[in-house]
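Here, each number is a calculation from the coordinates, and none is a lab measurement. None of the values given here were measured: they were computed from a predicted structure. When we count neighbours, we look across all protein chains shown, and the Cβ atoms used for this are built from the backbone with ideal geometry, even at glycine.
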There are 2 protein chains.
Amino acid sequence: MKISKNKLKFIRSLNQKKQRDQNNVFLAEGPKLVEELLQVFPCQYLAATPEWLRLNSNSKAKEVVEVSIEGLKQGSLQQNPQQVLAIFEKPTYKIKLDKIKDSLCLALDDVQSPGNLGTIIRLADWFGIEDVFCSLHTADVYNPKTVQATMGALARVRVHYTPLDDLITKLDNHPIYGAFLEGKPIYNETLSQKGLIVMGNEGQGISKEIESLITDKLYIPNYPENRKGSESLNVAVASAIICAEFRRQALCQQY
Amino acid sequence: MKISKNKLKFIRSLNQKKQRDQNNVFLAEGPKLVEELLQVFPCQYLAATPEWLRLNSNSKAKEVVEVSIEGLKQGSLQQNPQQVLAIFEKPTYKIKLDKIKDSLCLALDDVQSPGNLGTIIRLADWFGIEDVFCSLHTADVYNPKTVQATMGALARVRVHYTPLDDLITKLDNHPIYGAFLEGKPIYNETLSQKGLIVMGNEGQGISKEIESLITDKLYIPNYPENRKGSESLNVAVASAIICAEFRRQALCQQY
């Protein structure tokens, strides 16, 4: 009813990006998340309590180990381990430019916090954004913290790591949106449902290089207008408000 | 150029709520945050680099210690300590029912994550929400993680800890909003700029007891409508979208 010593060591090593990259795998924990990921990613290893295994006897994992909740705790990177942990193979996605040009996508220019990144993937899923492009210095989406924060959205949103300037250049004549303090109030703009929304780094915002490629600078109005004091919003919060406003405009045309 | 051993011990103890409560103080770090808090809260102790002290010679702290950046690192709870840390007295605010009934406020029903709480205080500030009510089991706003995540908004937003059912009962005949999966799409509703928006716990949502006091159940539409898979949003993200929509409606009436 235990995870083997070797496997424990391997699981803990998956906190490091280098180990995840070398082995091309990532760790996920908890029933909701693991069950959603099992539907789409090959699973190399799964450790779960007898209760979970009884309810999920069809889970296709190469190696399945029944463990007690105490045994699970030994392997877990979470504070409150729950029922199951699993090691999945990382997916590789092709960037389909035609599809990207025909949909609303997000690009993250060096977002640093694993929690913010996971929260953004989760809200992208909510708003039907199926492709998220990360600059090469953005946090790793397979960081266990990020994986957990996606709450399963990782099963439905394709996350690509690619230089954003190359991507934007290839998108040629495509609306590229970005949030700036000197941008236009977002509520006055007619927002295209086919465009790329760029969100910047927590401290620095969007880099100068990418800023020069933005075609539409947007601003989230504070309240009352020109209220003193508040200077910025958390990047996941700003992403949420912007994505919600894009989709509100689409929905309100339908009503 | 060092923080004394006793003080170091005290600073580290402020990671614990019990210690913060007993001493009625909290810790803040970094120039932007400390400078904003110095404008409104009495400061008991401040340790800073010579560079910071030169630029901020008027800072009113009971005790000021000049330290090297290495000395600062010893006391810091942050990964990357910056220039200054300070211990502030916790404020006590009276709940002014007349003012509350005349403005838009937030209530948090057992929000658990210190990071989410700080992010919510920060966005409340952005949207001109000056009072945030926390249920007694909500995370402590003076947790160092939360204080840092507010990015200074703590200097402008009054955070109260109070039983939410009592508060709502006293508000008598006031619109009480809450987000529910079975609520009405928020974009179709006329939202009052004088109301209380209740946000629930990360896992459980709004408690049954408080749900019975909600007068307007709201829903943030996902996209496309009835998209399968995504089931929820992070509580800070949902708070952001709801507050933004309230203020959008107010701003769009002005335009």
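Using the Cβ atoms and a cut-off under 15 Å, what net charge is assigned to the surroundings of B:Asp109, where Lys and Arg are +1 and Asp and Glu are -1? Intermediate results must be reported in sequence, preceding the final value.
Numbers: positive: B:Lys208, B:Lys217; negative: B:Asp110, B:Asp165, B:Asp166, B:Glu202, B:Glu209, B:Glu211.
Local charge sum for B:Asp109: -4.
Per residue Cα convex hull volume for the protein assembly as shown, in cubic angstrom?
Details: hull volume 87.9 nm³, N = 510.
Spelled out: Cα convex hull of the protein assembly as shown, divided by residues, is 172 Å³.
Nearest beta-carbon of B to the rotation axis carrying it onto A: which residue, how many whole Å?
Closest to the rotation axis on chain B: B:Ala240, 3.
Can you give the Rg to Rh ratio for region A:97-254, taking only C-alpha atoms and Rh from Kirkwood?
On the way: Rg = 14.7 Å, Rh = 15.7 Å.
Ratio value, two decimals: 0.94.
Contact order normalised by length for region B:94-244, with contacts defined as Cα pairs under 8 Å and 6 or more residues apart; what percent is it? Please list the in-between numbers first.
Values: 264 pairs, mean separation 43.9, N = 151.
Relative contact order comes out at 29 percent.
List the extent of the Cα atoms of region B:90-181 along each of their three principal axes, largest first, rounded to whole Å.
Projected onto the principal axes, the Cα atoms of region B:90-181 cover 36, 28, 22 Å.
Looking at region A:5-89, what % of its DSSP beta bridges pair antiparallel, to the nearest 5?
Details: 10 of 14 bridges.
Bridges in region A:5-89 that DSSP calls antiparallel: roughly 70 percent.
Select from region B:148-245 those trypsin sites (Lys or Arg not before Pro) which occupy a DSSP coil region and have at most 10 other Cβ atoms within 10 Å, ordered by residue number. The partial results should precede the final answer.
On the way: sites: B:Arg156, B:Arg158, B:Lys170, B:Lys194, B:Lys208, B:Lys217, B:Arg227, B:Lys228; in loops: B:Arg156, B:Lys194, B:Arg227, B:Lys228.
Those satisfying the criteria are B:Lys228.
What aspartates and glutamates sit close enough to A:Lys208 to cross-link, taking a C-alpha to C-alpha distance under 16 Å and skipping anything fewer than 8 places away on the same chain?
Counting by Cα, and skipping residues close in sequence, A:Lys208 has these aspartates and glutamates nearby: A:Asp109, A:Asp110, A:Asp165, A:Asp166, A:Glu182, A:Asp216.
Measuring label to label, 7 Å along Cα→Cβ, what does A:Lys9 give against each other copy in nm, shortest first?
Result, one decimal in nm: 4.0.
How big is the equivalent ellipsoid of region B:2-52 along its three axes, where each semi-axis is √(5λ) from the Cα gyration tensor, reported in whole Å from largest to smallest?
Details: eigenvalues 75, 47, 14 Å².
Here the semi-axes work out to 19, 15, 8 Å.
With θ set to phi - 60° and the Karplus curve 6.51 cos²θ - 1.76 cosθ + 1.60, what are the ³J(HN,Hα) couplings of region B:34-50 in order, to the nearest whole Hz, using x for Gly and Pro?
4, 5, 5, 5, 4, 6, 10, 10, x, 10, 8, 8, 9, 10, 8, 6, x
Assigning unit charges at the beta carbon (Lys, Arg +1; Asp, Glu -1) and nothing else, what dipole magnitude in debye, to the nearest 20, does region A:97-254 show about its Cα centre?
Details: 15 positive and 20 negative charges, 97 e Å.
That gives a dipole near 460 debye.
Counting only GluC sites (Glu not before Pro) that are in a DSSP loop and have at most 13 other C-beta atoms within 10 Å, tell me the longest site-free stretch of chain B.
Values: sites that count: B:Glu63, B:Glu225.
Formally, the longest exposed-site-free interval is B:64-224.
HN-Hα J couplings of region B:73-78 from phi, Karplus 6.51/-1.76/1.60, θ = phi - 60°, integer Hz, Gly and Pro as x?
4, 4, x, 6, 9, 8
Distances from B:Asn188 to the same residue in each other copy, label points 7 Å out along Cα→Cβ, in nm, shortest first?
3.1
At 7 Å along the Cα-to-beta-carbon direction for both B:Asp166 and B:Asn80, put a label point, then send me their distance in nm to one decimal.
According to this spin-label approximation, the distance is 4.3 nm.
Run the label-point distances for A:Leu97 please: 7 Å along Cα to Cβ, every other copy, nanometres, shortest first.
Output for A:Leu97: 6.6 nm, nearest copy listed first.
Could you tell me the largest-minus-smallest coordinate of the C-alpha atoms of region B:1-116 on each of the three principal axes, in descending order and whole angstroms?
Principal extents (largest minus smallest coordinate, Cα): 50, 29, 24 Å.
Mind checking the full-extension length gain between A:Gln254 and A:Lys101? Use 0.36 nm per residue of separation minus the Cα-Cα distance, one decimal, nm.
Working: separation 153, 0.36 × 153 = 55.08 nm, distance 2.19 nm.
Fully extending the segment from A:Gln254 to A:Lys101 adds 52.9 nm.
I want the antiparallel fraction of DSSP beta bridges within the protein assembly as shown, as a percent rounded to 5.
Working: 22 of 70 bridges.
Among the beta bridges of the protein assembly as shown, antiparallel pairing accounts for roughly 30 percent.
Considering only the other residues whose Cβ falls under 12 Å of the Cβ of A:Lys184, what net charge follows from Lys and Arg at +1 and Asp and Glu at -1?
Numbers: positive: A:Lys217; negative: A:Glu182, A:Glu189, A:Asp216.
Summing Lys/Arg as +1 and Asp/Glu as -1 gives -2.
Given the pairs A:Lys228/B:Lys94; A:Lys5/A:Lys32; A:Lys228/B:Lys101; A:Lys60/A:Lys101; A:Lys5/A:Lys60, which span a C-alpha to C-alpha distance of over 31 angstrom in this model? Kindly include the intermediate steps, with their values, before the conclusion.
On the way: A:Lys228/B:Lys94 23 Å; A:Lys5/A:Lys32 26 Å; A:Lys228/B:Lys101 23 Å; A:Lys60/A:Lys101 35 Å; A:Lys5/A:Lys60 23 Å.
In this structure, A:Lys60/A:Lys101 exceed 31 Å between Cα atoms.
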